[in-house]
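Here the structure comes first, spelled out in structure tokens, and everything after it is commentary.
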Amino acid sequence: VIPAVSCAMTLADLKLRVYERLEDDGTYFTANEVRHALNAAQNLFALLTLCIERTATVFLSPGQTFYRISDISINDYIVPLRLTTDAGVRIRPATIHQLDGRSSSWRATPGVPTDYVAMGYDLLALTPQPAEADFELISSLRLTYAAMPTAMTLDTNAAEIPDEQQVHLVDYACWWLRLK
């Protein structure tokens, strides 16, 4: 078996390609401008494709329906992708209207969670809500979410988007810089 080799480009590689494409040696476009353009390109790519996935743990409280993403200390959150129990059982996404259509008391129904609703940017609602007795079965959930990439600040930092898509960062950065 041949191990997979990463072809991730570093910030230095990306900056070099931008300077080559723009036929500049750093006199017109500063290194900070190029770095900023490449980070903007990576952020936009991540927002459009949701290609960066991370997982966080959501600790449950008895009878609690609503959970804030900001309380989980996630600072790179875009949208939820999956919510599962520790055993791997998937919690289904739903809408408020679907839950209201099933039951007007979904906000106060005890049991093991089966559905969740992403409400705006910072709020998740679970139904049913675990009671004290349910905590033997479930006390936390695993939230897999689309994330913003970590900013490339050092020349040795690698881009986080898929390797085969990193050449597009150069395309975007060149367009961005030509707006100057």
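The values are calculated or read from the model by the stated rules, or taken from the named source; none is laboratory data. All of these numbers come straight from a predicted model, not from anything done at the bench. Please note: Cβ atoms are built from the backbone with ideal geometry, for glycine as well, and neighbour counts cover all protein chains shown. Heads up: the accessible areas ignore ligands, DNA and RNA and are worked out on the full protein's heavy atoms, side chains in. Shrake-Rupley method; radii C 1.70, N 1.55, O 1.52, S 1.80 Å.
Take the residues in the stretch 5-27 that are out of contact with any Leu (no Cβ under 9 Å at 6 or more places or on another chain) and closer than 12 Å to Asp163 by Cα, then tell me which one is modelled with the lowest pLDDT. Residue satisfying both the conditions and the ranking: Val5.
Ser61 passes every criterion in (1) touching a Gly at 6+ places or on another chain (Cβ under 7 Å); (2) farther than 22 Å from Thr156 by Cα; (3) not acidic (Asp, Glu) apart from (1). Here are some residues: Glu136, Glu132, Glu160. Which one is among the charged types (D, E, K, R), modelled with pLDDT of 90 or more and either more than 19 Å from the chain's Cα centre (by Cα) or under 27 Å from Asp71 (Cβ atoms) (or both)? Testing whether each residue is among the charged types (D, E, K, R), modelled with pLDDT of 90 or more and either more than 19 Å from the chain's Cα centre (by Cα) or under 27 Å from Asp71 (Cβ atoms) (or both) leaves just Glu160.
Residue-wise test of (1) open to solvent by less than 60 Å² (accessible area, probe 1.4 Å); (2) more than 28 Å from Phe45 (Cα to Cα); (3) in contact with a helix residue (DSSP H, G or I) (Cβ under 8 Å, 6 or more places away or on another chain).
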| site | (1), (2), (3) |
| --- | --- |
| Asp122 | yes, no, yes |
| Thr127 | yes, yes, yes |
| Ile138 | yes, yes, no |
| Pro149 | yes, no, yes |
| Ile161 | yes, no, yes |
| Leu169 | yes, no, yes |
| Arg178 | no, no, yes |
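The set of residues in the stretch 28-73 being part of a loop (DSSP other than H, G, I, E, B) and either in contact with a strand residue (DSSP E or B) (Cβ under 9 Å, 6 or more places away or on another chain) or surrounded by 15 or more Cβ atoms within 10 Å (Cβ to Cβ) (or both) consists of Phe29, Leu50, Cys51, Ile52, Leu60, Ser61, Pro62, Gly63, Gln64, Thr65, Ile69, Ser73.
Checked against (1) surrounded by fewer than 14 Cβ atoms within 10 Å (Cβ to Cβ); (2) under 23 Å from Phe135 (Cβ atoms), Leu99 meets all criteria but (1). Criterion applied to Ala41, Ala46 was being among the small types (Gly, Ala, Ser), under 20 Å from Leu143 (Cα atoms) and modelled with pLDDT of 95 or more, and the one residue passing it is Ala46. On the stretch given as the stretch 154-166, residues that are over 18 Å from Glu33 (Cα atoms) and either in contact with a strand residue (DSSP E or B) (Cβ under 8 Å, 6 or more places away or on another chain) or among the aliphatic types (A, V, I, L, M) (or both) total 1. Scanning the stretch 98-157 for residues that are in a helix (DSSP H, G or I) and either touching a residue at least 24 places away in the same chain (Cβ under 8 Å) or among the aromatic types (Phe, Trp, Tyr) (or both) yields Leu99, Trp106, Arg107, Ala108, Glu132, Asp134, Phe135. As for the stretch 84-96, it holds at least one residue that is open to solvent by 50 Å² or more (accessible area, probe 1.4 Å), in contact (Cβ under 8 Å) with a residue 40 or more places away in the chain and not in a helix (DSSP H, G or I).
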